[in-house]
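Where a number appears in this text, it was derived from the coordinates with a stated rule and is not lab data. Only a predicted model underlies this, so the values are computations on that prediction, with no experimental measurement involved. Cβ placement follows ideal geometry from the backbone for every residue including glycine, while neighbour counts extend to all protein chains displayed.
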Amino acid sequence: MTDISTEEKIKQAAKEVFISKGFEGCSSREIAKAAGMNVSLVNYYFRSKSKLFDLIFSAAMEEFITSMVDVFSTDLSLIDKMSILIDKEYEFLERHPELPAFIINEVNRDIEAAKSQSKMMERIAQTGIFQQCLQAQEAGEMRQIDMTNMTLLIMSNCDFPFMAKNLFMSIHNLSPEDMKARIRAHRNIVKEMLINYLFPNHEANK
């Protein structure tokens, strides 16, 4: 029991330090200090800062991918999946607003980190969501759009508000609570915009 709680304490401290400073900006000593332990104990459990970082980064990516897989695996229509996905993504990012910037920064630092997550993308493909989109496009129910561009649409509209919130708070003189309210309102705007763009005929079919 002691070993498990010690490992979890180190991982939680490492997550906070990595997200705050990035891989290059921190040391094993800082992680150990944040965990209230010595460096030798951190290295005993995780061997190196790199091994510990790989665990933290993979866990962050896993949370993102799992939120998508859960939605895509249902039997709902594409429009319902899109609506639920956006809701879940915003709810997840409200709980972890620092994760998008952390993931992007670390992927830019080390492109191999992104390549190592290819199995996670395979999980999304296995839900059949890409085939469902292609079938909807062939049937004229969905706008013709490449899956890469659709991913860009979703990520830019869901992730960017959280990545740039400090900038917007400064530009518009908003308090943290004001910004939270604006982001929550923006979620509905994004949902309506993307659904109307991707499924231009859905209103006519109601």
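The table for this structure:
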{"item": "Net charge of Cβ neighbours under 10 Å - reference N157; Lys, Arg +1; Asp, Glu -1", "result": "0"}
{"item": "Radius of gyration, Dmax [segment 86-206; alpha carbons; angstrom]", "result": "16.8, 47"}
{"item": "Cα centroid of segment 135-205 to Cα centroid of segment 1-71, whole Å", "result": "31"}
{"item": "Equivalent-ellipsoid semi-axes of the chain, from the Cα gyration tensor, Å, largest first", "result": "36, 21, 14"}
{"item": "Mean separation of Cα contacts under 8 Å, 6 or more apart, over the residue count of segment 1-143: relative contact order %", "result": "23"}
{"item": "Crossing angle, helix 147-163 versus the chain [Cα axis fit, 0-90 degrees, rounded to tens]", "result": "60"}
{"item": "Neighbourhood charge, 14 Å Cβ-Cβ cut-off, centred on S170 and excluding it, Lys, Arg +1 and Asp, Glu -1", "result": "+1"}
{"item": "Alpha-carbon Rg with Dmax, taken over segment 1-47, Å", "result": "9.9, 32"}
{"item": "P(r) tail fraction, segment 58-108 - alpha-carbon pairs more than 16 Å apart, %", "result": "43"}
{"item": "Residue order, fewest to most beta carbons within 10 Å, for E122, E7", "result": "E122, E7"}
{"item": "Surrounding net charge for I86, when Lys and Arg each add one and Asp and Glu each subtract one, Cβ distance under 14 Å", "result": "-3"}
